[in-house]
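Here the structure is laid out as C-alpha cells; the discussion comes afterwards.
Quick note: the coordinates plus some simple rules give every number you see, no bench work behind them. Quantities reported herein were computed from a predicted structural model and do not represent experimental measurements. As a convention, Cβ positions derive from the backbone with ideal geometry for all residues, glycine included, and neighbour counts pool all protein chains shown.
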Protein chains: 2
Amino acid sequence: MRRSAIREILKHLQKPGMISFAGGLPAPETFPVNDLKEITLEILEKNGPDGLQYGSTEGDPNLRKMLVSRHNEQGLNIGIDNLIITTGSQQGLDLIARIFLDPGDYVLCGLPSYLGGLNAFSVYGARLKGITLDENGMKPDELEDTIFTLKELGKKIKFIYVIPDFQNPAGITLPNSRRVKIIEIADKYDLLIVEDCPYREVRFEGESQKLMNELDTTGRVITLCTFSKILSPGFRIGWVIGHPELLDRIVMAKQTADLCTSPFLQKIIALYIEKGLLDKNLKKTIDLYRKRRTHMINCFMKYMPDKVTWTTPQGGLFLFVTLPVNLDADIIFKESLEKNVAFVSGSTFFCNNSGHNTMRLNFSYSNNDEIELGVKKLAEVITQEQTKK
Amino acid sequence: MRRSAIREILKHLQKPGMISFAGGLPAPETFPVNDLKEITLEILEKNGPDGLQYGSTEGDPNLRKMLVSRHNEQGLNIGIDNLIITTGSQQGLDLIARIFLDPGDYVLCGLPSYLGGLNAFSVYGARLKGITLDENGMKPDELEDTIFTLKELGKKIKFIYVIPDFQNPAGITLPNSRRVKIIEIADKYDLLIVEDCPYREVRFEGESQKLMNELDTTGRVITLCTFSKILSPGFRIGWVIGHPELLDRIVMAKQTADLCTSPFLQKIIALYIEKGLLDKNLKKTIDLYRKRRTHMINCFMKYMPDKVTWTTPQGGLFLFVTLPVNLDADIIFKESLEKNVAFVSGSTFFCNNSGHNTMRLNFSYSNNDEIELGVKKLAEVITQEQTKK
C-alpha cells in the first residue's frame, strides 16, 4: 500500500503564496454557504433528532427517491432498489474492490486513470492492466486484444474501470458509440464495468452522452456518482447505481465498513435538491469552471513553448498536458514548486509507469489571476528545461 | 460475509407499537438539537466554505487537538500524532482489520463480543477464538492458555479484541488489575490489543478504570472511541488513539476507503466541545440512562420468573440476561416479536455459536413506560416457555 501521491502533495500546498493546479478541489466560492444555513436550520427544526440517530445502511429513503427521480428525468430507467448512498464515491470504489477482487485478479483501466481508483483496487491485491486512450477515450480494439491475451494466459479479469465523462486526468469524454462498443466487449467476455462519474454533470458545452448504465441491458454496469464536484466534497456523500443483487452485496460490505453514511448530511442534501437549489447552483459552478478552463487554455496558448500540447475538455476539472518526450514532468514539478506553482505529474496516473512527459492541471480551484501567473511561471520552467536539452 | 443480524432486526422494528430493546440506539431526547442549530450556523458563518471543502485524511486539526487535550485531562499522555479521526469507530475496526488481518489469522475476543467488530474481522478472513468472560470480563488464564495452544498449533494470532468498559453485549467492566494482566499477556506473546471504547464515558456510578492505552508502555494498544453514544451517531465521527506508526498505516488505508471524514461535521463537533457543551449534555445523558437502567432492573425483579438472571452494568447501554439452560432465546425472540417486544438473541454475539439461553437488552432507547410494558410482556413469554418444558 503506497501513500497517495496527491495527498502528499496537498501537504506541500499549504505553503503561503502557492498556486495549486494539483488537487481536484472545487472552487470554494461555489459552495452555497447561505442556502445551507437555511436548509440546516430547517432540517434541525422539522426533523429534529431524526438526522442525528443511526440511519439505514442503504441510505436515507428520501434522498434515494430524489436521486432516482432525477436520474429518471435524465433518461435512466431505475427504481429505488437500484440506488444506494455511500460515504463519497471513494467508498463506492473501495466496497466494489472489496467485494469483487481477489489477490491476483486483473482490473482493466485507462492509461491514465484516477489514482484513488487504482489505489483502491491495488489495496485488495488486484493487478492493473492499462488500456491506451485516444482522443475518444479507451480504445476498444486494444481493450479486446488485452482481454483475449490475459484470458489465454489463464488470468482472471474482474472488471473494466471507466471514467466516461471528462476523464480524470485526461479530460477526455467517451462518445456514445464507443460506450456501446465497450459494453459489447464486456458482454462478450462476461465482465463487469465500473463506471465512475464524478464530473458528468459539470459539462460546459457539447451534448451529454448517455450513462453506460443506460446503454447496458444486462445489468453489468455499476455506476458511481458523488456530490463532491456538484455541491460539496466536505459532505462526503456519493451514490451507487446498479443491479439490486450487486447493491445488496455492497450494502453488506458497507455494514462492516461504517454502518451508514451520516443521515444528517443526507437529509440536508435531500432538502437542498427538493428546493431546486442543486441545479441552480450547479449552473453557476459550470459557468465559473467554463470560464476558468477557457482562461487556462488561453494562457497556455499565450505562454507555452512550442511542442507542448494539451487537451480541451468539454467539462470537468482537469487539463492534461503533454510535454516533448525528452522532458520529465517530475523534474518540472520540483522546479515549479520552488516557484510556488504545483500540479500533478501525469505518470502518477499511469499504472504501467509511463507518461513521464505528462502533467495534470486543475482549473477549478484557482482564480483567473492565479491561473495566468501559474501558467506563465510553469511555461518559464518548461522553456528553461527545454533549453538545457 | 453474512448480513448483520442486528441490522436485519432493525428493519422489523419499524412496525408501529414495537417496543425495541434490540438496537444500540441512543435516546433521541439526548441529541442537543437546539445547541447544534446555533453551532452549525456559527460554523457556516465563521468558517464559511472551509468545512465544505475536502479535509485532511487524519482529521480536522482543531478537533484532534480538542480530543488530545480532553484525553490529557483524563490522564492519558498523548500528542496530536497519537490521534486520528475516523468515519465512526466502525471504520476504525474495519481499517484495523484491513491492515493487520490476513486470511486464516486468529483474533481473540470475548465470549460474547460486539457483532460489528466480529463481522469486520471475519470479512478479512480472520478466525475468531472466543475467551470466556466472568463477572470481571475476559479471563486472563483462559486467554493465555488459548494463545499458548494456538501458537503450539502454529497458528498466527494478530490481536486481542477487548471492550473494557460496559462491554457490548455483556455490560461487564474490566477492573484495572485485569487490564494490566491482559496487557502483560499481549506483551509476552507480542500481540496487539484493540481496545474498543464506545461506552466508556457513559458511566453511571463507580470509579472510572484506566484506558488500557494508558496502562500499556509498549505501544501495542490501539484505542477506538466515538461520538455516537455521547453526542450523535448520525454524525459518524469516531477517533483512534495509538502509536504514530500504526496510525500512519490506518491513515493510508483510510485514503482509499473514503479520503476523509466530513470536515463540516468535525468542525461542528470541535466548536461544540470548545463551548463546553459536550460534557454538560453528557451529564444529562448519563442521568437519563442511569434511571432507565435502574428502572429496567426493577422491572426485571418485579416480573421475571425465577432462574432468570441479568448483569447490572455500571454504565453503557445494555443488560445481558441469562435464561435457564433449557430455554432457547431464539424461540423467545420470535414469540416476543409477535407481542411487539424486540431484543437481540445473545448467541448472535458468541463466535463459537454458544449462548443460546442469553439475550441482550438495550435500556437507553425506550422510555420508562415502554421499559415496564416490554419487560412485563417478555417475562410472560419466558414464563410461558418455561411451563412448556
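Worth a mention:
- Copies compared at B:Lys339 - label distances in nm, ascending, label defined 7 Å from Cα in the Cβ direction: 8.0
- Antiparallel bridge percentage (DSSP; both residues within region A:48-275; nearest 5): 35
- Altogether, the Stokes-Einstein calculation at 37 °C and 0.692 mPa s, with the Kirkwood radius of chain A over Cα pairs as Rh, returns a diffusion coefficient of 151 µm²/s.
- Position A:Lys65: other-copy label points at 4.4 nm, ordered by increasing distance, label point 7 Å along Cα→C-beta.
- B:Ile19 long-range amide H proximity, modeled H, under 5 Å: B:Val341, B:Ala342
- Convex hull (Cα only) mean projected area of region B:50-275, reported in nm² to one decimal: 11.8
- Long hydrophobic helices in chain B, taken as whole DSSP H segments with a C-alpha length of 15 Å or more on their own axis and mean Kyte-Doolittle hydropathy at least -1.0: B:33-46, B:88-100, B:140-152, B:176-188, B:244-258, B:263-274, B:277-303, B:368-388.
- Shown for B:Phe159, A:Phe300: other C-beta atoms within 10 Å of each C-beta, ranked fewest to most, produce the order A:Phe300, B:Phe159.
- Of the peptides B:319-331, A:51-63, the order by per-residue mean of other Cβ atoms within 10 Å, starting with the highest, comes out as A:51-63, B:319-331.
- The ranking of B:His295, B:His12 from fewest to most other beta carbons within 10 Å of each one's beta carbon is B:His12, B:His295.
- 7 Å along Cα→Cβ, label-point gaps from A:Gly154 to other copies, nm, shortest first: 2.6
- Taking the helices alone, chain A has a mean residue ellipticity at 222 nm of -14000 deg cm²/dmol, built from -39,500 (n - 2.57) per DSSP H run of at least 4 residues and averaged over all its residues.
- For GluC sites (Glu not before Pro), no site in region A:319-389 is both called loop by DSSP and has at most 13 other Cβ atoms within 10 Å.
- Three-way shape label, region A:212-263, alpha-carbon gyration tensor, a/c 1.5: oblate
- The protein assembly as shown, Cα convex hull volume normalised per residue, Å³: 169
- Averaged over A:88-101, number of beta-carbon atoms from partner chains that fall within 10 Å: 3
- Proxy reagent accessibility, fewest Cβ within 10 Å first, across B:Cys197, A:Cys260: B:Cys197, A:Cys260
- Per residue of B:33-40, other chain Cβ atoms within 10 Å of the residue Cβ number 4 on average.
- Inter-part distance where region A:23-74 and region B:351-389 are each reduced to a Cα centre, Å: 38
- Low-density loop cleavage sites - GluC sites (Glu not before Pro) in region A:172-207, where at most 11 other Cβ are within 10 Å (DSSP): A:Glu205, A:Glu207
- Dipole magnitude of chain A, debye to nearest 20 (Cβ charges: Lys/Arg +1, Asp/Glu -1, about Cα centre): 740
- Only Cα sites of region B:53-179 enter the Debye sum here, all with the same form factor; the resulting log10 I(q)/I(0) across q = 0.15, 0.20 1/Å is -0.86, -1.20, listed in q order.
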